[in-house]
Structure formats: structure tokens, C-alpha cells
Protein chains: 2
Amino acid sequence: MEIHEFQKMMRHLYFQRDSDRGVEGTYNWLVDEVEELGEELRMTPFDKEALGKEFADVIAWLSSLANIMEIDLEKAALDKYNHKCPKCKKSPCQCTF
Amino acid sequence: MEIHEFQKMMRHLYFQRDSDRGVEGTYNWLVDEVEELGEELRMTPFDKEALGKEFADVIAWLSSLANIMEIDLEKAALDKYNHKCPKCKKSPCQCTF
């Protein structure tokens, strides 16, 4: 599925709730989801299915936040990262820092 | 571009560096990018182009982390969010909490 299409699906599912919650509340929720991803990464034994769900939540909430801010996540991603490193302009990246 | 394709592009650009940096370092960088997104959201006046770049960085680092963990971000996202809310199973979401 295209990034744009996923964002559109999230808009259909959640835009009213996201919009009511607002930017700050939705951003805070994204932060919580990133923390949960971090907790899952530290789990032993490693649970790949549970980890996948945490990755899903992060991209879902990032899409929700982009919807509220009227940012096209796919366009933004490809404007910056489009088959070359935005810093060194090489593919693969050859940044030296 | 498909989520899977974007992740693959990030793998081509950054996998060696991501892999050398490791899970913890890459996760910490993702957290930094989420914080930068938060800072940009609070900026006045609102700068949509700068904001787009911060969204781009978050999805880029999320993809890098998924690459290291061998998680298919698109599959994970669609396994959990596939045209209905994973909690109430409705579209749009009708969760009452």
C-alpha cells in the first residue's frame, strides 16, 4: 500500500477523533507509542509479532498527526529522501560524520 | 510510493550505517527526530515546509529501525490497521473511550 493511501485510510478511520483531540494530544500519543516501541525493543525474549504491532502504531499515529497538520506524508518523505541521502547526495549514503 | 518500497529505499541508502549504529542508537535517533517534530509543531509562525521535513525524518528513521529489526513496516501496519479500527472493528472508528 502506498504511504499516501495508508494516510488516507487513517483519515477515514480516525480523522474526526484526531481532529477533536487536537495537535498536542495527538503528538503526545505519538510519543507514547514511540516509548512503547522502545519497551518492546528491550523485551527478552524477542517477540516479533508484538514488535510489529508497535511499529504499526507509530506509523499510524504519525499518519494521524500528518492528517491534522495537512501534511502529505508520502510527498514529504520523497521530497527529502528520494533515492539519495539528502546530506551527501549519494546512494548509498557516504556521509563521513 | 509503497511503504514497503520506501523502507527498501532506506535500506539501500542507510542499512550499513544503521546496522553499525545498532538498535539502541537508531531508536535513540528516532526519539530525537520525534522531539524535533514536536518542536516544529510548536513553532510560530507555522512553517509547513520545515514541518514536512520533520515528518520525513520520523518515517525515515522508523524505516531504518524496522530494517535493523527485520520488520516489514507495510505488512505490520496492514496486519493491525486494515480498513477498520483494530479495537472496535468499525470503519470509521466508533470506540467510546
Members of segment A:19-53 that are surrounded by 15 or more Cβ atoms within 10 Å (Cβ to Cβ), more than 7 Å from chain B (Cβ to nearest Cβ) and among the hydrophobic types (A, V, I, L, M, F, W, C): A:29, A:37
Is it fair to say residue A:12 is within 7 Å of chain B (Cβ to nearest Cβ), open to solvent by 60 Å² or more (accessible area, probe 1.4 Å), free of Cβ contacts under 8 Å to residues at least 12 places away in the same chain and in a loop (DSSP other than H, G, I, E, B)? no
Residues to consider are B:51, B:73; find the one that is closer than 21 Å to residue A:31 by Cβ and over 12 Å from the mean Cα position of the chain (by Cα). B:51
Condition first: more than 9 Å from chain B (Cβ to nearest Cβ) and under 30 Å from residue A:12 (Cα atoms). Can you find one or more residues in segment A:65-73 that meet it? yes
Per the list (1) at pLDDT 95 or above; (2) not in a helix (DSSP H, G or I), residue check on residue B:95 breaks on (1)
Which residue is most open to solvent (accessible area, probe 1.4 Å), if the candidates are limited to segment A:54-81 and must be under 23 Å from residue B:80 (Cβ atoms), in contact (Cβ under 8 Å) with a residue 60 or more places away in the chain and part of a helix (DSSP H, G or I)? A:74
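The values are calculated or read from the model by the stated rules, or taken from the named source; none is laboratory data. Here the structure is a predicted model, which is why all the values come from computation and not from measurement. Ideal geometry is used to build each Cβ from the backbone, glycine not excepted, and the neighbour counts take in all protein chains shown. Surface accessibility is based on the protein's heavy atoms, side chains included, excluding ligands, DNA and RNA. Shrake-Rupley method; radii C 1.70, N 1.55, O 1.52, S 1.80 Å.
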